[in-house]
Amino acid sequence: MPWTKVYSNKAEFEKALSENKDLRGLAYKDALLEATSQLLEADETVFVIGEGIDDAGGVFGSTRGLHLKFGRERVMDSPLAENGITGVAIGAAVAGMRPILVHMRVDFIPLSLDQIINHAAKWRYMFGGKVSVPIVIRSMIGRGWGSAAQHSQSLQSLFTNIPGLKVVMPATPYDAKGLLRASVYDGNPVVFIEHRWLYEHMGHVPSEPYTVPIGKAIIRRKGSDATIVAVSYMVYEAMSAAEILKDEGIECEVIDLRTLKPLDAPLILGSVARTGRLVIADTGWKETGIGAEIIARVVEDGFGALKSAPERVNLPEAPTPASPALEKAYYPGKIEIAAAVRRAVKKG
Amino acid sequence: MKEDILKYGLPTLTRKTLIDMYAMMCRIRMFEERIVDLYPEQEMKCPVHLCIGQEAIATGVCLNLRKEDYVFSNHRGHGHALAKGSAMRPLMAEFYGKATGCSRGKGGSMHIIDVENGILGTSAIVAGGIPMGVGAALASSIRKEDRVTVIFFGDGAYDEGALYESFNFASLKKLPVVFFCENNFYATNSHQSARQSACRISDSASAFDSHGVCIDGNDAIEVYKAAQDSVNRARKGGGPSLIEAKTYRWKGHVGPDADYEKGCRPKEELIYWMERCPVKVMREFILSRNIVAENELKEIAASIAGEIDDAVKFAKDSEYPPLSDLLTDVYAPVKETL
Ligand SMILES: Cc1ncc(C[n+]2csc(CCOP(=O)(O)OP(=O)(O)O)c2C)c(N)n1
Ligand SMILES: [Mg+2]
């Protein structure tokens, strides 16, 4: 499938595109925009709400111009009231709408945790299944240019701990479009976390509507020596690491997790059964992060397959620093992933 | 009633409405009192927040509402549900944790739902239901429905930021919402004056370019009139308003006992308010004006008592949820609607 392929850079993608004229290329942000537009077009219960979604920037381009097409009644700017507006969107969802709520930075979500954790995640269970909460909460991880501690967090683990929520983190334009549609029609609260560094990434995206199933990871590269499970932007770093390691005779299998909750444990276990080694590359911190959960699952259900202790590549245990010198040291990438794989291979 | 009949513009209040009003207040009072009686059996294994003393509010408001209008409530929600039309059986069964309960035994008394009667679920996080209520109103506004949402909350919720965020948004979008604050002066054991810089809740409506009134919450007719005003305004597209109704809960914050014995509040305060019992006030009003005869009131009470007997029996006879329910309803089944 051409759209399951991952392109590390624009040149690589443009080369692929020139070789297959039938396929359309689209940036991640435009894939999100197209998905949203098609949802608004086809379904009157869908509406979009968030701070500044109808401004000239349009959430880094991902909602740009939608208000002109669908009106501000359905593409709604919101006051700076993250908890209140999250509750408003949840209430609208319970009352039969399918809101797409946008928090421009993951860092702003903590203000709305009461509504997400105490309300959205509980509302169906607490009332014996009499209602549901079909809401999508989109949010973006920032990075770089001194974004610093309050504009660059990867808080996905706050949500993977909560029954009642689903958490998706698309890495490719194809998945961004398909997962957004799947999330809107899932019927449950879905925390949809994007990464700013993916916004300009190009990939093949069909123009018609389609869904990518929630709960399914995907193997981006086959390999026999180690499994790298990567999240969001780290998928690209993992692919680059796999290239580096190939020259050293180490073949990596790269899994793009795509959904963190529910976790696609079968795919991961199957891969580890073949490779015997496991490395997790996450955009967030290590302690009780998704890597901890993946390792726990593999140990619980696939212990015998492990040839060596798993490795994790995460952010250091500190908030994000602003200085370019420190920032550079803060973020792990292909080098750190490759080193982790080498360690795993060396251990056994 | 302390005011003259003319002040209420009684021509708009039919005999039937007045009797319904009294009957609903009795219904709530007797329902709550039965819980007081039964609670010591320890078969109702969930916290209960009783609204004895505050019956005029749910009653006066909900008499203005249609079945499809939404009501959002809080931990003290039995009265709101009954007033909005909920049957007693599923409520009582829910308090007993039974599978026949309104939330199939998963919610307890703080989490009441009755979708058919416009109750989309009740939050026990103070002020947590307020944004959701505004969201339901947003949904009806986007769908251009002729539906009003009433959000009940306490003076404690007035301390929470969620209220202001929600009020601002409702006012900004002119949503059909009535914010109804039942000011019983306490949040658990903490007095309003210990928590609020200005104890003038209704005044804050003006900050949101909205309409606010402060009324006697123990006078069902006054509540009815104020709510009628606000509901009409909301329905006509006039946006939200805020009603603050002063009242008092007779029992402790939670459970069936009075709390003055524990030193939570002065007994004199309770006596003062018990003399202003909303049910008694209403009863005297309709009797003194020959709107109804004493024996009719007896019939009303007898019929309510029978209904409560039935609900309790139903609840006690019902089964607990099967253990297989433990993991159901966490997620809605995924159905691709396209
Ligand atoms: C966010 C939150 N904080 C604290 C509590 C604990 N709590 C439960 S009810 C209550 C008092 C609420 O007072 P009020 O809103 O006036 O309602 P009332 O109990 O008087 O009806 C408190 C503090 C809670 N449930 N939620
Ligand atoms: Mg109170």
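Determine whether B:Gly239 is touching a Lys or Arg at 6+ places or on another chain (Cβ under 6 Å) and away from ligand 2 (no atom under 15 Å from the Cβ).
So B:Gly239 passes the test.
Among the residues that make up region B:268-276, is at least one of them free of Cβ contacts under 8 Å to residues at least 12 places away in the same chain, β-branched (Val, Ile, Thr) and within 14 Å of chain A (Cβ to nearest Cβ)?
Among the residues of region B:268-276, not one is free of Cβ contacts under 8 Å to residues at least 12 places away in the same chain, β-branched (Val, Ile, Thr) and within 14 Å of chain A (Cβ to nearest Cβ), which makes the answer no.
Name, by its number, the condition in (1) more than 30 Å from B:Asp20 (Cα to Cα); (2) more than 16 Å from ligand 2 (Cβ to nearest atom); (3) open to solvent by 40 Å² or more (accessible area, probe 1.4 Å) that does not hold for B:Thr188.
Unmet condition: (2).
Could you tell me how many of the residues in region B:1-57 are out of contact with any Pro (no Cβ under 7 Å at 6 or more places or on another chain), charged (D, E, K, R) and modelled with pLDDT of 95 or more?
Residues that pass the stated criteria total 10.
Which of the residues belonging to region B:145-155 are more than 9 Å from chain A (Cβ to nearest Cβ) and crowded, with 22+ Cβ neighbours inside 10 Å?
Correct list: B:Val148, B:Val150, B:Ile151, B:Phe152, B:Phe153, B:Gly154, B:Asp155.
Only one of (1) touching a His at 6+ places or on another chain (Cβ under 7 Å); (2) more than 25 Å from B:Lys173 (Cα to Cα); (3) within 16 Å of ligand 1 (Cβ to nearest atom) fails for B:Ile52. Which number is that?
(1)
What about A:Lys15, is it assigned to a loop (DSSP other than H, G, I, E, B), more than 10 Å from chain B (Cβ to nearest Cβ) and at pLDDT below 95?
So A:Lys15 fails the test.
Would you check if B:Arg147 is at pLDDT 95 or above, under 19 Å from B:Ala227 (Cβ atoms) and away from ligand 1 (no atom under 16 Å from the Cβ)?
It is true that B:Arg147 is at pLDDT 95 or above, under 19 Å from B:Ala227 (Cβ atoms) and away from ligand 1 (no atom under 16 Å from the Cβ).
Okay, residues lined up against (1) within 16 Å of the chain's Cα centre (by Cα); (2) touching a residue at least 60 places away in the same chain (Cβ under 8 Å); (3) surrounded by 24 or more Cβ atoms within 10 Å (Cβ to Cβ):
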{"position": "A:Ala176", "(1), (2), (3)": "yes, yes, yes"}
{"position": "A:Glu194", "(1), (2), (3)": "yes, yes, yes"}
{"position": "A:Glu200", "(1), (2), (3)": "yes, yes, no"}
{"position": "A:Pro206", "(1), (2), (3)": "no, yes, no"}
{"position": "A:Leu245", "(1), (2), (3)": "no, yes, no"}
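From the list B:Ala207, B:Ala194, B:Ala198, pick out the single residue that is within 22 Å of B:His49 (Cβ to Cβ), over 22 Å from the mean Cα position of the chain (by Cα) and more than 10 Å from ligand 1 (Cβ to nearest atom).
Only one candidate qualifies: B:Ala194.
For region B:297-338, how many residues are free of Cβ contacts under 8 Å to residues at least 12 places away in the same chain, away from every other protein chain (no Cβ under 14 Å) and over 21 Å from A:Met126 (Cβ atoms)?
Adding up the residues that qualify gives 8.
Among the helices (runs of 4 or more DSSP H) confined wholly to region A:79-169, which include 2 or more residues that are of a type outside the set (Phe, Trp, Tyr), open to solvent by 10 Å² or more (accessible area, probe 1.4 Å) and away from chain B (no Cβ under 14 Å)?
Details: elements: A:82-94, A:123-126, A:156-160.
Because the criterion is at least 2 residues that are of a type outside the set (Phe, Trp, Tyr), open to solvent by 10 Å² or more (accessible area, probe 1.4 Å) and away from chain B (no Cβ under 14 Å), the helices (runs of 4 or more DSSP H) in region A:79-169 that meet it are A:156-160.
Only one of (1) touching a strand residue (DSSP E or B) at 6+ places or on another chain (Cβ under 9 Å); (2) within 16 Å of ligand 1 (Cβ to nearest atom); (3) over 30 Å from B:Met92 (Cα atoms) fails for B:His253. Which number is that?
Here B:His253 meets the rest and fails (3).
Tell me which residues, restricted to region B:111-129, are facing another protein chain (nearest Cβ under 7 Å) and of a type in the set (A, V, I, L, M).
Those that are facing another protein chain (nearest Cβ under 7 Å) and of a type in the set (A, V, I, L, M): B:Ile113, B:Val115, B:Leu120, B:Ile125.
For (1) within 19 Å of B:Lys251 (Cβ to Cβ); (2) without any contact (Cβ under 8 Å) to a residue 12 or more places away in the chain; (3) within 14 Å of chain A (Cβ to nearest Cβ); (4) surrounded by fewer than 24 Cβ atoms within 10 Å (Cβ to Cβ), each residue gets a yes or a no:
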| site | (1), (2), (3), (4) |
| --- | --- |
| B:Phe31 | yes, no, no, no |
| B:Thr59 | yes, no, no, no |
| B:Asn74 | yes, no, yes, no |
| B:Cys102 | no, no, yes, no |
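Taking the stated definitions as given, is B:Phe95 buried (at least 24 other Cβ atoms within 10 Å of the Cβ), at pLDDT 95 or above and away from ligand 1 (no atom under 16 Å from the Cβ)? Reasoning before the result, please.
Numbers: buried (at least 24 other Cβ atoms within 10 Å of the Cβ): yes; at pLDDT 95 or above: yes; away from ligand 1 (no atom under 16 Å from the Cβ): yes.
Here the answer is yes, as B:Phe95 does meet what is asked.
Got a sec? Which of B:Cys214, B:Cys181 is within 11 Å of ligand 2 (Cβ to nearest atom), touching a residue at least 24 places away in the same chain (Cβ under 8 Å), of a type outside the set (A, V, I, L, M) and more than 14 Å from every other protein chain (Cβ to nearest Cβ)? Reasoning before the result, please.
Numbers: B:Cys214 fails: within 11 Å of ligand 2 (Cβ to nearest atom).
Only one candidate qualifies: B:Cys181.
Considering region B:38-48 alone, what residues qualify as being over 13 Å from B:Gly79 (Cβ atoms) and in contact (Cβ under 8 Å) with a residue 24 or more places away in the chain? Working first, answer last.
Filtering region B:38-48 down to residues over 13 Å from B:Gly79 (Cβ atoms) leaves B:38-47.
Selection gives B:Leu38, B:Tyr39, B:Pro40, B:Glu43, B:Met44, B:Lys45, B:Cys46, B:Pro47.
Which is within 14 Å of chain A (Cβ to nearest Cβ) and either open to solvent by less than 30 Å² (accessible area, probe 1.4 Å) or within 16 Å of ligand 2 (Cβ to nearest atom) (or both), of B:Leu163, B:Leu172?
Within the list B:Leu163, B:Leu172, the selection yields B:Leu163.
How many residues does region A:306-337 hold that are in a helix (DSSP H, G or I), aliphatic (A, V, I, L, M) and closer than 23 Å to A:Val235 by Cβ? Before you say what the answer is, go through the steps one by one.
Step one: list which residues in region A:306-337 are in a helix (DSSP H, G or I), which gives A:324-330, A:334-337.
Keeping just the survivors that are aliphatic (A, V, I, L, M) gives A:325-326, A:329, A:335, A:337.
Checking the rest, the ones that are also closer than 23 Å to A:Val235 by Cβ come to A:329, A:335, A:337.
Selection size over region A:306-337: 3.
Which one of these is closer than 27 Å to B:Tyr224 by Cα and not β-branched (Val, Ile, Thr): B:Gly97, B:Gly154? Break it down stepwise before answering.
Values: B:Gly97 fails: closer than 27 Å to B:Tyr224 by Cα.
Answer to the check: B:Gly154.
Restricting to region B:165-191, count the residues that are over 16 Å from A:Gly84 (Cβ atoms) and more than 13 Å from ligand 1 (Cβ to nearest atom).
First pass over region B:165-191, keeping only residues over 16 Å from A:Gly84 (Cβ atoms): B:174, B:176, B:178, B:180-191.
Retained after the next criterion (residues that are more than 13 Å from ligand 1 (Cβ to nearest atom)): B:174, B:176, B:178.
So the answer is 3.
Which residues, counting only those in region B:116-144, are over 14 Å from the mean Cα position of the chain (by Cα), open to solvent by 20 Å² or more (accessible area, probe 1.4 Å) and within 16 Å of ligand 1 (Cβ to nearest atom)?
B:Ile125, B:Val126
Return yes or no: is B:Ser86 among the polar types (S, T, N, Q), out of contact with any Gly (no Cβ under 7 Å at 6 or more places or on another chain) and at negative phi? First the steps, then the outcome.
Working: among the polar types (S, T, N, Q): yes; out of contact with any Gly (no Cβ under 7 Å at 6 or more places or on another chain): yes; at negative phi: yes.
Here the answer is yes, as B:Ser86 does meet what is asked.
The values are calculated or read from the model by the stated rules, or taken from the named source; none is laboratory data. Here the structure is a predicted model, which means the values were calculated and not measured. So basically every Cβ, Gly included, is an ideal-geometry build from the backbone, and we count neighbours across all protein chains shown. Heads up: the accessible areas ignore ligands, DNA and RNA and are worked out on the full protein's heavy atoms, side chains in. Shrake-Rupley method; radii C 1.70, N 1.55, O 1.52, S 1.80 Å.
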